[in-house]
Structure formats: C-alpha cells, structure tokens
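The values are calculated or read from the model by the stated rules, or taken from the named source; none is laboratory data. Given the structure is predicted, the values throughout are model-derived calculations rather than measurements. All Cβ positions, even for glycine, are placed from backbone atoms using ideal geometry, and neighbour counts span all protein chains on display.
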Amino acid sequence: MIKLLYILKKEFLLIIRDIHAVAVLFIMPAVFIMIMSLAMRDLFELHGTVAIDVLAVNQDAGKKADAFLKSLEELSTFRFRFIEKNTYMENIREQMLSRDYKFALIIRENFSAFVDKKGKGKDERPLELLVNPTVNVQTQMVLKSALDGKLTKLRWDAFIDRIDRLLAVAGIDKKKLKADEESPIEVNYIHKGGRYDKIPSAVQQSVPAWLVFSMFFIIIPISNTFISERGQGTLMRLKSMNVSRAYLIFGKMVPYFIINAIQVIIMIAIGMYVVPFCGGTALTLGESLGGLVLIAAAVSFCAISMALFIASAARTTEQATTIGGVLNIIFGALGGLMIPKFVMPGVMQDIADISPMSWGLEGFLDIFLRNGGISDVLSKSLALFVFGFMMLTLTTILLWKQKEV
C-alpha cells in the first residue's frame with residue numbers, strides 16, 4: 001500500500017512538471033465549446049437572427065411580381081437584396097462571386113402573365129435561381145421549397161380572384177379562401193421520459209462532443225511522462241524495487257482519472273455559466289446524475305487505457321503524440337464529433353459505431369438531450385469498459401515483452 005501511495009505521489013509530481021500538456025486538455029475543449037456553441041446558436045433556435053443574403057432582380061413590371069416580393073419578406077431565413085432590373089447576367093454572376101452571395105433570384109418578365117395564366121404554356125419558367133456551388137443541397141432545397149410555396153400561394157389567390165363572381169353566387173367568402181393558415185404540424189422532441197416542445201440548444205450538442213474528444217487527448221501528458229520515465233530508467237528502478245505492473249498501471253491511471261473528472265466539471269460549468277454570459281444558451285443537465293457519472297467514468301477509463309497502450313507501444317513522445325493525435329481525429333470524425341452522424345451515408349453510420357468516441361458521445365447525449373438514466377447508458381458504458389480492459393491487457397503484454405517493467 002505504501003508503494004502505491006509513493007507511485008501516486010510520483011505521478012502527481014510529474015503531472016505538475018508537465019503542466020503545459022495538461023493545460024491543453026482544459027483550454028482546447030473550452031475554446032471549442034465556446035466557439036461552436038456561439039457559432040451554431042442560431043441554427044438551433046426557432047427564431048434565429050442569421051439570414052442568408054440572396055440577390056434579387058425583378059424584370060417584371062406587373063403587380064403580381066410586387067406581391068410576390070412582398071411575400072418573400074416573411075422568409076426570415078433569407079434576406080433579399082434587390083438590384084437594378086436591367087442588370088446583365090454577367091454582372092449578376094460577378095456580384096455573386098465577389099460579394100460571396102449564395103443565391104441570386106431572377107424574376108423574369110413573364111412572371112405576372114404566368115401567375116394569371118396568360119402566358120404561352122405550362123413549360124414557362126417565371127423564376128430562375130442561380131446557386132453558388134459552395135452551397136449544400138439541403139440549403140438549396142429549403143430556398144427552392146420556400147419559393148415554390150410562395151408562388152403556389154400567389155397563383156391560388158389569382159385563381160380565386162378570377163372566379164370572384166362564381167364565389168359570390170355560391171355564397172363563399174373569398175377572404176377565407178385567401179387567408180393564410182397556420183401550420184397544422186406540432187413539433188415535439190422525444191425524450192426518455194416522454195415528449196415536450198423544448199428545443200435542443202447548440203451548447204447541448206457541443207459540450208458532449210468536445211468533452212469526449214478532449215478526454216481522449218489524455219494521450220499527450222501520459223505519453224510524455226511514461227516515455228520520459230522509460231528513457232531515464234525510472235521504470236527499471238521501480239522493477240528492481242519489486243513494484244508490480246498492476247501497481248504501476250494503477251498509479252498511472254488514478255491521477256489522470258481525476259484530471260478527466262475535473263475536465264467534465266469544468267466543461268459542464270462553461271456550458272452552464274460562461275456560454276450564456278457570452279450570449280449563448282445555457283447548458284441544461286439531464287435528470288440522472290448517476291447516469292452522467294457512469295458514462296463519464298467509462299469514457300475516462302477507455303481513454304486512459306488507450307493512451308497507456310499507445311504510450312507503451314511508442315518509442316518516443318513524438319511517435320506517441322502523432323499516433324494518438326491521428327487516432328483521435330479519425331475516431332472523432334467517424335464517431336460524429338466533427339460531422340453529425342445523421343448527415344452521413346448509411347454505410348458511414350454503420351462504420352461510426354466502431355468508434356469508442358461514438359459510444360461516449362451517444363451516452364452523454366442520452367443524458368443531456370434525451371433525459372436518459374443509468375439504464376440508458378449502461379450498454380454504452382459496458383462497451384467502453386470492455387474496450388478499456390482490452391487496451392490494458394495489451395499494455396500489460398507489451399510491458400512484459402519489453403521487460404522494462
């Protein structure tokens with residue numbers, strides 16, 4: 001027991017001396033959480049203030065075009081910037097590229113005739129949408145669907161005006177037919193305890209993702225201290241003092257387990273207090289403290305075990321940090337930390353399940369977003385613990401073969 005206490009004391013002293021590497025574990029996720037929570041705030045809010053600018057050219061002189069433009073003002077997601085009707089197509093392209101406009105809407109001369117069904121036929125195209133190739137397909141479809149809806153409503157109103165007399169004879173109120181109706185769709189978010197209309201915030205997405213990512217970056221301080229001790233002969237001296245491998249591994253794990261626990265507390269505190277102070281939405285915790293502790297402990301154990309395996313396999317700190325950094329980035333990208341899994345193809349989503357970071361992220365999301373409990377994160381936690389024990393077993397085998405410990 002005394003040997004174990006001395007080993008723990010040694011590890012804490014080494015951590016204090018390598019404070020810069022440890023600081024990265026707190027500074028990096030804190031910065032990412034702040035940036036991503038504030039940058040994506042309006043994407044998760046129902047009444048966001050960010051709007052995409054759209055160039056608009058009205059080449060039609062009719063009243064229907066004016067009514068159409070007025071209806072477009074209701075689209076809060078898009079902000080239309082009008083330019084001269086006689087602007088040449090080449091000038092429109094130049095403005096789109098030079099000022100980084102994502103879209104340009106051209107209302108052609110036949111727009112009013114098309115709405116009133118006075119045009120040449122159904123094959124006419126009264127609107128033309130120019131799209132910057134950098135815009136993703138989803139955003140294009142949102143604008144196109146919005147324009148289709150406004151145009152359909154305008155044509156419906158024009159049809160009602162044309163049959164005005166028939167409606168009067170039938171005793172039908174024209175105003176009711178033309179009135180805008182509220183959407184009949186009610187949106188609710190599913191949680192483990194039921195459903196309610198609370199909208200998930202950006203910080204609830206960012207904190208779990210970057211917390212898991214930073215916990216796995218424990219490889220940096222672990223590899224620095226482990227390989228440094230091996231190079232200085234410290235591990236051989238401990239072996240000569242009959243210090244077992246189990247004591248050595250346990251002594252390595254406990255201090256960094258505490259560091260990971262501090263990471264969890266600080267990152268949650270940043271989400272709850274610092275982000276709202278800077279104008280973002282506050283992080284709301286779930287209803288299960290036990291579930292949060294369980295998944296955090298599982299992620300920490302898995303991350304430290306993988307770090308010990310990489311540190312024992314590498315011969316230099318450069319090798320360890322390079323291998324560990326690359327693996328973390330690959331696991332993070334596959335696991336949905338950098339790219340949400342729901343935008344991945346089906347095959348990629350299946351591949352994502354092999355990443356231990358994905359298990360940890362889903363566990364934290366179960367707690368923060370889905371109001372889950374211990375039973376909901378149990379399977380993911382067990383998977384993380386099993387993966388961690390596999391890494392520890394491989395670490396022990398490597399140390400035994402190297403005969404340094």
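Being assigned to a loop (DSSP other than H, G, I, E, B) and touching a helix residue (DSSP H, G or I) at 6+ places or on another chain (Cβ under 7 Å) is a property that holds for Glu124. Scan region 57-112 for residues that are surrounded by 14 or more Cβ atoms within 10 Å (Cβ to Cβ), touching a Ser or Thr at 6+ places or on another chain (Cβ under 8 Å) and within 19 Å of Lys153 (Cα to Cα) and jot them down. Hits for region 57-112 are Asp60, Gly62, Lys64, Ala65. Just to be sure before I move on: is Ile35 at pLDDT below 80, over 32 Å from the mean Cα position of the chain (by Cα), β-branched (Val, Ile, Thr) and under 30 Å from Ile266 (Cα atoms) in the structure I sent? Here the answer is no, as Ile35 does not meet what is asked. Just one of (1) at pLDDT 80 or above; (2) of a type in the set (Asp, Glu); (3) within 30 Å of Ile329 (Cα to Cα) fails for Asp53. It is (3). Restricted to region 293-402, the set of helices (runs of 4 or more DSSP H) holding at least 1 residues that are crowded, with 22+ Cβ neighbours inside 10 Å and at pLDDT 90 or above comprises 356-368, 374-402. Screening Leu69 against (1) at pLDDT 65 or above; (2) outside any helix (DSSP H, G or I); (3) among the hydrophobic types (A, V, I, L, M, F, W, C) leaves a single unmet condition, (2). Inspect all residues belonging to region 327-338 and state whether any of them is more than 19 Å from the chain's Cα centre (by Cα), at negative phi and of a type in the set (A, V, I, L, M, F, W, C). Looking for residues that are more than 19 Å from the chain's Cα centre (by Cα), at negative phi and of a type in the set (A, V, I, L, M, F, W, C), one finds at least one in region 327-338, hence yes. Residue count for region 272-291, restricted to those that are surrounded by 17 or more Cβ atoms within 10 Å (Cβ to Cβ), more than 20 Å from Phe32 (Cβ to Cβ) and either modelled with pLDDT of 80 or more or hydroxyl-bearing (Ser, Thr, Tyr) (or both): 2.
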